[in-house]
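Just below is one structure, and these are the notes that go with it.
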Amino acid sequence: MGLIRAALSAATGNLGDQWKEFFYCEAMDKEVLLTKGVKQTRFSSSNKFASDNLITNGSGIAVADGQCMIIVDNGKIVELCAEPGQYTFDQSSEGTIFQGDLKESIMQSLDNMLKRLSYGGDTAHDQRVYYFNTKEIMDNKFGTPNPVPFKIVDSSINLDMDMAVRCAGVYSFKIVDPIMFYMNVCGNVPREFRRDEIETQMKAEFISALQPAFGELSKLNLRPSDIVSHVNELTEAMNKALGDKWLNERGIQICSIAISTLTIPEEDQQTLKNLQKAKVLSDPAMGAATLAAAQADAMRDAAKNEAGAAVGFMGMGMAMNAGGVNAQQLYQMGQNQAAPQAPAPEAAYMPGQINFCPNCGTKLDGAKYCPTCGKATGN
């Protein structure tokens, strides 16, 4: 009875698989990264007894925009198509009387039926069509639970310090190498592979890569607040940091990054402000302007002194004189620094004689007194 049942099953299955199939995949949403192709059959179709994981020779496979199709034969990728249009599969091991020479097709079908009989009436082949979602997968949220170090280097103020940065936002990625994604991520799934199956892993790796990516941005002498306006550079740095794991092993690449919030601890902000202020005040002219503004404020406060304006101004004058320097002196220092220095005149060396005035630089020709400034030259 078992042999008869196997023979009937082999004959029925072989006849059912004579029909050509047509595979088509509807648009996949952002949650689906890969789905198994399904044979398109209507309720009135006669092709209702074909094997699930078997593709008849000459079957049609349609590929839409934003998709990539692969054919897996007994676990091995044998075909790939990423161009939109209809593809005809003509390398199947399952022949059909509707494809090629009729006599050869009949002989191949009989041969397949005998092989099925040896396997209890079932086919010994597994052929599948998989569709990849090659569109940009958007709205992948991320946030740093712990501060990420960001190094600030500013040679103008001799600044080299690490700041703690917290940020949050979204990023998008794309499957650019379907074969690597299939081999190392999803494999022979029975129906579909969804984004949430790798979302947690990708988010953790994304946040870990922020530190080396921020290190690349710090080489551009950026402030943490400038990161928002340099997202293209950040995207390149993230792809560089994740290249070995995401691109080379999984076939995934980051497309864009958008940062919604970026915060810096108050103490780090105050430290940076103090250093910037110190750099500004190192310029005598800026120091003079700051001192003048402080003196103006002091004068207004002195006029409001409860003990009388005279007492207030007396105290203000004592404080100003105690500093040892005033705004006018600082302005003068700034002008001296800004004034271009005249190059020293070239002169031939003459032993025992000063050829140029040491005070104003006028040529002396051995004179004891300078004809310009009238001062003694030392000759």
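The values are calculated or read from the model by the stated rules, or taken from the named source; none is laboratory data. Predicted, not measured: the structure shown is a model, and the values here were computed from it. Methodologically, a virtual Cβ is constructed for each residue, glycine included, from the backbone with ideal geometry; neighbour enumeration extends over all protein chains shown. Side chains are part of the model used for accessible areas, which takes the heavy atoms of the whole protein and leaves out ligands, DNA and RNA. Shrake-Rupley method; radii C 1.70, N 1.55, O 1.52, S 1.80 Å.
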- Task: Calculate, for the range 224-270, the solvent-accessible area per residue in square angstrom, rolling a 1.4 angstrom probe over the heavy atoms of the protein chains.
- Result: 53
- Item | When the range 136-232 is reduced to its Cα atoms, the Kirkwood hydrodynamic radius in Å | 15.8
- Item | Accessible area (Å², 1.4 Å probe, nearest 10) - Phe22 | 80
- Query: Ratio of Rg to Rh for the range 186-242, alpha carbon only, Kirkwood?
  - Reply: 1.18
- Query: So if we plug the beta-carbon distance of Ala82 and Lys151 into 1/(1 + (r/R0)^6) with R0 = 30 Å, what FRET efficiency do we get, rounded to 0.05?
  - Reply: 0.15
- Item | Rough spin-label spacing in nm, given labels placed 7 Å along Cα→Cβ, for Val189 and Lys174 | 2.1
- Item | Restraint check, Lys30/Lys219; Lys20/Lys174; Lys36/Lys76; Lys30/Lys76, Cα-Cα greater than 25 Å | Lys30/Lys219; Lys20/Lys174; Lys30/Lys76
- One finds, for Asn74 and Ile207 with R0 = 45 angstrom and r their Cβ-Cβ distance, a FRET efficiency to the nearest 0.05 of 0.65
- First compute the accessible area of the range 149-256 with a 1.4 Å probe, then give the percent of it belonging to carbon and sulfur atoms. 47
- Message: Before I look further, what does the range 156-218 give for accessible area per residue, probe 1.4 Å, in whole square angstrom?
- Response: 47
- Starting from the Cα of Glu216, step 7 Å along the direction of its Cβ; do the same at Ala376; then give the gap between the two resulting points in nm. 7.1
